[in-house]
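Input: a single structure, listed below in structure tokens.
The values are calculated or read from the model by the stated rules, or taken from the named source; none is laboratory data. Since this is a predicted model, take the numbers as computed values, not measurements. As a convention, Cβ positions derive from the backbone with ideal geometry for all residues, glycine included, and neighbour counts pool all protein chains shown.
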Amino acid sequence: MTDIATRETRAVAATGGRRRQGAGPRRHSVGPRAGTIAAFLTPFFLPFVLFYLVPVGYAIWQSFLVVRRTGGQFGTSYTTFGGFEQYVQVFQNAEFRASIGRIALFGIVQVPVMLFVALIMALLLDTPLLRLKSFFRIAAFMPYAVPGVIAAIMWSYLYSPQLSPIVDLLKDIGLQPDFLGPGAVLWSAANVSTWLWTGYNMLIMFSALQSIPQELYEAAKLDGASNWTIAWQIKVPIIAPSIILTTV
């Protein structure tokens, strides 16, 4: 028995030794993997650098340049480095500061509303009680696929006081909406943005919901959890990373 155990120990040691010897070349496979990763990423990063980072960088450089003239208004113009001169002039403009406040208000209100609607839609699509899931999923995602020009024409028609059937309907019940007025145009734009992007964010959340193991739902139901409890105490916490991603 001792001889058998000794032979087995030696065999295991020899096998482990061979495995350790064979594990050496695997360390050198990082290079080919890195090359494969670079090959897949290059088609994205090359246009990203050329058509996004380079123009943004050039625009930032241009913002530090100012045009000056010699010899009065009709003199010779030349471009020179002005530092933060233009930034100082812009931030001293009251209308520009007010526009920043409007954009901040737009984001504070529109983003939570859009993500909440997207989350509700994703939870509804993930319920086993819903029929025609494919139809509703495509219908919710369809606005994202509509070209921006077409969306602008469509919503300008719906907001137009002279053409919109929605405006006519609201007038018939005694309301006088002015979607393009000074007090409502910001929220009209927010409505268009919500319509365009809700389906896109819903699809990200729905994909995360599809990756949750069904065993969790079955265990929760055995413990007496309702569909409402499963949705808000199991599904939402698990897909929190996806919600954070869509928020960013």
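Read through the list (1) of a type in the set (Val, Ile, Thr); (2) within 20 Å of Leu115 (Cβ to Cβ); (3) exposed (fewer than 14 other Cβ atoms within 10 Å of the Cβ), then give the number of the only condition that Ile234 fails.
Checking Ile234 against (1) of a type in the set (Val, Ile, Thr); (2) within 20 Å of Leu115 (Cβ to Cβ); (3) exposed (fewer than 14 other Cβ atoms within 10 Å of the Cβ), the one that fails is (3).
Condition (residue is surrounded by fewer than 17 Cβ atoms within 10 Å (Cβ to Cβ) and touching a residue at least 24 places away in the same chain (Cβ under 8 Å)) applied to the range 213-226: is it met by at least one residue?
no
Return the residues of the range 81-97 that are surrounded by 10 or more Cβ atoms within 10 Å (Cβ to Cβ) and not aromatic (Phe, Trp, Tyr); say none if nothing qualifies.
Once the filter is applied, which keeps residues that are surrounded by 10 or more Cβ atoms within 10 Å (Cβ to Cβ) and not aromatic (Phe, Trp, Tyr), the range 81-97 yields Gly82, Gly83, Glu85, Gln86, Val88, Gln89, Val90, Asn93, Arg97.
Being part of a helix (DSSP H, G or I), more than 16 Å from the chain's Cα centre (by Cα) and of a type in the set (Phe, Trp, Tyr) is the filter here, so list the residues in the range 177-217 that pass it.
Trp187, Tyr217
Can you confirm whether the range 32-39 contains a residue that is at negative phi, at pLDDT 90 or above and surrounded by 10 or more Cβ atoms within 10 Å (Cβ to Cβ)?
no
For Tyr78, only one of the following conditions fails: (1) in a helix (DSSP H, G or I); (2) more than 30 Å from Thr229 (Cα to Cα); (3) among the aromatic types (Phe, Trp, Tyr); (4) without any contact (Cβ under 8 Å) to a residue 24 or more places away in the chain. What is its number?
Here Tyr78 meets the rest and fails (1).
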